[in-house]
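This structure is in structure tokens; I'll ask about it shortly.
Computed from the coordinates by the stated procedures, all read-outs in this text should not be read as laboratory data. Because the structure is a prediction, the values reported are computed rather than measured. Counting neighbours? That spans all protein chains shown, and the Cβs are built from the backbone with ideal geometry, glycine included.
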Amino acid sequence: MLCKGPTQCFSAGMALGIADPVMKTPVLLLLAILLLPTAHAADWPQYLGQKGDGISSETINGDWKGKPPKTLWTAEVGKGCGSWAIVKGKAFVAGNDGKQDTIWCLNANTGKAIWRHQYPEKLSANLYEGGPNTTPTIDGSRVYTLSKSGVLYCLNLADGRPIWRKHLKNDFGGKAGSWGYSASPVVDDALLYVLPGSKNGGFYALNKKDGSVAWHTRDLRRSGYSAPILTTIRGKNAALVFYGRSVVAHDLAAKGKVIFEFPWKTSYDVNASNPQYHDGKLFIASGYGMGYSVLEVSGAKPKIIHRDHDIRMIFQNSVRTGDTITGVFGDKRIEAELIRMDMASGKIHWRRKMPGTRGSSALIGNTFVLLSETGDLIAGRVSNEGFTETGRQKILSRKCWSPFAVAEGKLFARNNKGSAICLDVSR
């Protein structure tokens, strides 16, 4: 910071060769420019950002009407629905060419490949384009990736060299859902959490250095599609896991002991959106007619506070700020709406029609950004009073089911077919 008070500011003006003790307008203007807040570039090391919640502290340009984002580069990364991880000028993403998966490490500024790691993997295009569903997870000098069939790699971040390899089915007896493994690995201190859906237990904690089993739960649970959410519940470090037929809070200090569980059986076991926990309340949402529900989970047994079957999220993510939930709700044959809801009461503050039937979203600084499945990227400001759109661009052809990522003043997105784009959203 240039100055901490009037005296220091005056001294700074003198140091700049400004000898006016009255601090006239030109001096104030110069100091105002110098004191403008600078953009903080935050990494995006895993699915939905630093904390897995779709929120970043980074400041970006959100006024796209005055200064629309420019394309920095485009690339082809292979088919898939997995998102991006960006760390220290490197962008990581996974795709499939029909016969093998490729883990890409790209130069975030140019899109040029730094390295790539490939291994045999079927495309498995079941009612969509196919390819990997998960996002690489970066932890220090290592990259953790998971394929649709369950191939789990730990790679060296510098060159892509494999450090260790496991298989959720072959090594842990896991069984994926109909659309393959989709829950991205999550690092927590020395452990790596994965969801094999094994008959020996649905939730596994592995030693991140070598992939050996540290502990696992004992109950058989059908695999879901949402990554574990790390939070604090009843004073305990916990993981919220949205399984195929229930949502469960696991006590991480007690080898996954169940804190609470609530049944939530969706058609085809498709529970894919991220749960949200706040102040003793839990928000969950699915498609296929399930809608959303907010549960009171502070008591002995979870109970529904409010619910709506027609407000649905089939796999898109929500963003929680305080006691509000904001996200693109929609489902097959139900048009997408950006909705802001009070978590405690269920009051809908407002709803705004959006393109397509679903979309991903994130809060970057004070700019709310969403990417519709139609490839429309939309920016604006949100509050309980409404959504003020500040610009939109068509950046990709449909389908865009993968969440975007933002880091270092750049926005990264892809579509299901593998076309990728990087935009300059720097302030």
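Using alpha-carbon pairs under 8 Å, 6+ residues apart, how would you state the relative contact order of the chain in percent? The partial results should precede the final answer.
Numbers: 1166 pairs, mean separation 60.3, N = 427.
14 percent.
Residues with amide H under 5 Å of residue 191's amide H, sequence separation 5 or more or different chain, H placed in the peptide plane at 1.01 Å from N; which?
Under 5 Å from the amide H of residue 191: 208.
Test of the criteria: in region 164-216, which trypsin sites (Lys or Arg not before Pro) are in a DSSP loop and have at most 14 other Cβ atoms within 10 angstrom of their Cβ? The partial results should precede the final answer.
Numbers: sites: 165, 166, 169, 175, 199, 208, 209; in loops: 169, 175, 199, 208, 209.
Within region 164-216, the qualifying trypsin sites (Lys or Arg not before Pro) (loop, at most 14 other Cβ atoms within 10 Å) are 199, 209.
Need the C-alpha centroid separation for region 307-376 versus region 216-278, integer Å.
Comparing the Cα centres of region 307-376 and region 216-278, I get a distance of 22 Å.
Using 0.36 nm times the number of residues separating residue 128 and residue 306, minus their current alpha carbon distance, what extension gain do you get?
Values: separation 178, 0.36 × 178 = 64.08 nm, distance 3.30 nm.
Answer, rounded to one decimal: 60.8 nm.
Moving on. From Cα pairs below 8 angstrom and at least 6 apart in sequence, can you work out the relative contact order of region 225-306, rounded to a whole percent?
Details: 174 pairs, mean separation 17.1, N = 82.
RCO, region 225-306: 21 percent.
Would you kindly derive the ³J(HN,Hα) couplings of region 395-400 from the backbone phi angles with the Karplus curve 6.51 cos²θ - 1.76 cosθ + 1.60 (θ = phi - 60°), listing them in order in whole Hz, with x for Gly and Pro?
Calculated HN-Hα couplings, in order: 10, 8, 7, 6, 8, 10 Hz.
Follow-up. Name the residues whose placed amide hydrogens come within less than 5 Å of the amide hydrogen of residue 101, ignoring near sequence neighbours (fewer than 5 apart) on the same chain.
119, 121
Straight-line reach from residue 353: which lysines fall under 25 Å, measuring Cα to Cα and dropping same-chain residues less than 8 apart?
Leaving aside lysines fewer than 8 places away in the same chain, those within reach of residue 353 are 65, 67, 332, 394, 399.
A further question on this structure: Which one of 150, 89, 244 has the biggest mean-square fluctuation once the chain is modelled by GNM with Cα springs under 10 Å?
For the chain, modelled as a Gaussian network with Cα springs under 10 Å, the answer is 89.
What pairs from 169/255; 257/281; 88/199 go past 31 Å between their alpha carbons? Intermediate values should be presented prior to the final figure.
On the way: 169/255 21 Å; 257/281 20 Å; 88/199 39 Å.
From 169/255; 257/281; 88/199, over 31 Å: 88/199.
Suppose every K and R has +1 on its Cβ and every D and E has -1 on its Cβ; what is the size of the dipole of the chain about the Cα centre, in Debye to the nearest 20?
On the way: 55 positive and 35 negative charges, 160 e Å.
Dipole about the Cα centre, nearest 20: 760 debye.
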